[in-house]
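The values are calculated or read from the model by the stated rules, or taken from the named source; none is laboratory data. This structure is a prediction, so every number in the text was calculated from the model and none was measured. All Cβ positions, even for glycine, are placed from backbone atoms using ideal geometry, and neighbour counts span all protein chains on display.
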Amino acid sequence: MLTRLFLGLIALMFLAFGLWSIIDPIGMTSRLDVTVSGPNAAFEMRGIFGGVSLAASILTGVGALSPARFERPALWFLMVYMGGYTLARLVSLIVGDNPTFNGWAFASFEILSFVLAALALNVRKQS
């Protein structure tokens, strides 16, 4: 039951972020202290942040609502996706990047999501 709740909350967060990124991609990035420019800026932000987040929302939402069939794939996706972010954040710190509070907030969410997804998969494997 906790895993389903976790996946449901993650789905709602991805949904909110995905919609924000689709509706106002330049505003979203500027609120995160990221400056994007060029003719493809909004196009890319909608696709990368909006599209991927909405797809993640669907997968994690289905995992929460149909656990017998989709819980495990949703957890694997979340672990791999957030694990990739976690690895990239670590590399970023190693090469000397200095994130703002918003950067740390996103990194914390990504690391926590990665750890919780890995723990949930481990618990499922043992039961």
Exception for Ala56 within (1) surrounded by 15 or more Cβ atoms within 10 Å (Cβ to Cβ); (2) in contact with a Ser or Thr (Cβ under 9 Å, 6 or more places away or on another chain); (3) modelled with pLDDT of 95 or more; (4) of a type in the set (Gly, Ala, Ser) falls at (2)
Applying the selection to the stretch 1-27, what residues are over 14 Å from Gly61 (Cβ atoms), in a helix (DSSP H, G or I) and not aliphatic (A, V, I, L, M)? Trp20, Ser21, Pro25, Gly27
Candidates Val95, Val91, Val62, filtered to the one that is without any contact (Cβ under 8 Å) to a residue 24 or more places away in the chain, surrounded by 17 or more Cβ atoms within 10 Å (Cβ to Cβ) and either at positive phi or among the hydrophobic types (A, V, I, L, M, F, W, C) (or both): Val62
